[in-house]
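The values are calculated or read from the model by the stated rules, or taken from the named source; none is laboratory data. Being a predicted model, the structure only gives us computed values, none of them experimental. So basically every Cβ, Gly included, is an ideal-geometry build from the backbone, and we count neighbours across all protein chains shown. With ligands, DNA and RNA removed, areas are computed over all heavy atoms of the protein, side chains included. Shrake-Rupley method; radii C 1.70, N 1.55, O 1.52, S 1.80 Å.
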Amino acid sequence: MDLLLQSCDLITAFLLIYGLKRMSSPVTASSGIVLAGIGMMVVTLASFLYVFGVSGEARTHLPVNLLLGGLALILGVGWSWWRGHRVPLTAMPQMVALYNGMGGAAAGAISAMELLAHPDASNVRLAITIAGGFIGSFSFSGSLIAWAKLEGKLPKPWRPRFLQLGNGLVLLLAVASATALPALLPNENLLALFFLCSFAFGALITLPIGGADMPVVISLCNACTGIAVGFEGYVLHHPALMIAGTVVGAAGSLLTLLMARAMNRSLGNILFSNFGETGQEEAQVTGQLKPISAEDAAATLCYARKMIFVPGYGLAAAHAQRKLYELAKRLQEEGADVKFAIHPVAGRMPGHMDVLLAEAGVPYEMIVGLDEINGEFPTTDVALVVGANDIVNPAARTDKGSPIYGMPILDVDKAHQVYVIKRGQGKGYAGIENALFTADNCRMVYGDAQEVLGQMLLSIKELVGQR
Ligand code: NAP
């Protein structure tokens, strides 16, 4: 039996690591997700084999425990299967935040049960159990707040005057109760205080975060959940749980660092300052918006030689990725050089645009990242912005009062001509005005991205036919 369990752990470890490796490219990502899912299934089913080793008093609880385990599995698998099929791609970050939160809660629950069941464990084991409990509870409440914000249930950042001081006190209380726990276990009141403070700290540190900084928070919570699960895997002597937690923790930490770099923030700034708060007045945007019809914009595209397409959240909302690629192919047939520029936080989740474009079949060679493409805008005839706003807002470069000041952006304003497809005068995720839209070289093509791109395609066909 031991050999079988260890083999399952080994298979799972291999599938998780290899699956993650395949997720690093959009071409192989789907199969990577399936492989990692199979790994999770193997280890979950294998955990039922542990019942064969149960003896003594624990055996009397076996039927109830098996029933509870089975029920939990049916509920968990059933709900996620049903939800996973229905969730729109634009609501994926909320779902990821919720799953992160559940992982953190599970790690916190394991920690609480272990502390009560084994109060006389070694100091190292107690310390790891407590650390996992703190990180898991922190990640649980932080993820729930992130979910509520992304769902629009908590629209405004909450920043009362003495919040930082309050955070510090709650953290101090959590650390003090954690330090006292090993000596006073199984004191349930102290345990409750410790979990309450850990939970409150996660919520309080996430509540003031607003605007464009949510992706970093979700990624951070993801990393924390992984670390907490890894710690509890050690406590339960469960190698697969340790490996899964470590992999998620490491991947999440790297992603957090990459996202922080993409938004030009240090991790210290992420953890200990009020995101998006500058203390200065935001500059007013002046000037006129200059609308243009899809047909007229298409005529310019027909004669342009070098073009960069900049997709944003609106492309995902309009499900227009296939139309956009169709347009690119049509223009390429006319001899144009077309590229897609991807900003790391475009859309609503890390890699959102990569996933969309891969789904539409855009070849990887046509997709260029921010650092590489920015130098090309000054020599570009037309930059076509489709449903993007914050990621092309020049205020990030120039306006110290802007909540997105310092965030690297795609320099579309440096192209000879810019067309922006959006439905109206709606703001982006950060809720701020965009000076690009009133710039001399920018024209607005109003309408749903799907419809506008369709009209552009039709116009181009007609124009080419008349030549
Ligand atoms: P954005 O700033 O949210 O702007 C999207 C624009 O798309 C809006 O101004 C909207 O204007 C337009 N739009 C919406 N539906 C449309 C449709 N059907 N057709 C055409 N246009 C449509 O998006 P972004 O430039 O991609 O920037 C992403 C923002 O989200 C950043 O602030 C980022 O920090 C934040 N964020 C990112 C992540 C991530 O991980 N990527 C996660 C959470 C938050 P109209 O209403 O006028 O149409």
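For segment 372-415, which residues satisfy the criterion of being open to solvent by less than 10 Å² (accessible area, probe 1.4 Å), more than 15 Å from the ligand (Cβ to nearest atom), at pLDDT 95 or above and not in a helix (DSSP H, G or I)?
Passing the criteria: Thr380, Val382, Ala415.
Give just the number: which of (1) at pLDDT below 90; (2) within 14 Å of the ligand (Cβ to nearest atom); (3) assigned to a helix (DSSP H, G or I) does Asn222 not satisfy?
(1)
Taking Leu184 as meeting all but one of (1) open to solvent by 20 Å² or more (accessible area, probe 1.4 Å); (2) within 16 Å of the ligand (Cβ to nearest atom), write down the number of the exception.
Condition not satisfied by Leu184: (2).
Among (1) surrounded by fewer than 22 Cβ atoms within 10 Å (Cβ to Cβ); (2) part of a helix (DSSP H, G or I), where does Gly335 come up short?
(2)
Only one of Leu35, Leu73, Leu5 is surrounded by 13 or more Cβ atoms within 10 Å (Cβ to Cβ) and closer than 17 Å to Ala106 by Cβ. Can you tell me which?
Leu73
Please work out which one of (1) in a strand (DSSP E or B); (2) at pLDDT below 95; (3) not small (Gly, Ala, Ser) is the condition Val445 fails and give its number.
With respect to (1) in a strand (DSSP E or B); (2) at pLDDT below 95; (3) not small (Gly, Ala, Ser), Val445 is out only on (2).
Restricting segment 417-433 to residues that are more than 8 Å from the ligand (Cβ to nearest atom) and at pLDDT below 95, which is most open to solvent (accessible area, probe 1.4 Å)?
Per the stated criteria, the residue is Glu433.
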